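K.L.:
Structure provided below as structure tokens; questions to follow.
Just so it is clear, none of the values below were taken in a lab; they were calculated from the coordinates. All figures in this text were calculated on a predicted structure; none of them were measured in a lab. As a convention, Cβ positions derive from the backbone with ideal geometry for all residues, glycine included, and neighbour counts pool all protein chains shown.
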């Protein structure tokens, strides 16, 4: 699970570097979590990993 978390963190950093417009516009916790969830869903799909909602919540 730690390696998967690291992949998601790396993908997030590449997708939303410091100062990116999307990151600046994410001015609430819900908006920031949405960005992170989108990246997590992408990484899980690319890696062909299926996990439950509880596991995904712990992951992000």
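K.L.:
Taking only DSSP H segments of four or more residues, each worth -39500 (n - 2.57), what value at 222 nm results for the chain once the sum is divided by all its residues, to the nearest 500 deg cm²/dmol? Write down the numbers at each step before the final one.
P.N.:
Details: 4 runs with 44 residues, N = 60.
Calculated from helices alone, the mean residue ellipticity at 222 nm is -22000 deg cm²/dmol.
K.L.:
Of the peptides 48-54, 8-14, how do they stack up when ordered by the mean number of other Cβ atoms within 10 Å, highest first?
P.N.:
On the way: 48-54: 9.0, 8-14: 14.7.
In descending order of packing, they fall as 8-14, 48-54.
K.L.:
Follow-up. Of the listed values (i) 22, 55, 22, 1; (ii) 23, 44, 22, 10, 1; (iii) 19, 55, 25, 1, grab the one calculated as P(r) over Cα pairs in 10 Å bins from 0, in percent from the structure here.
P.N.:
So the calculated entry is the one marked (i).
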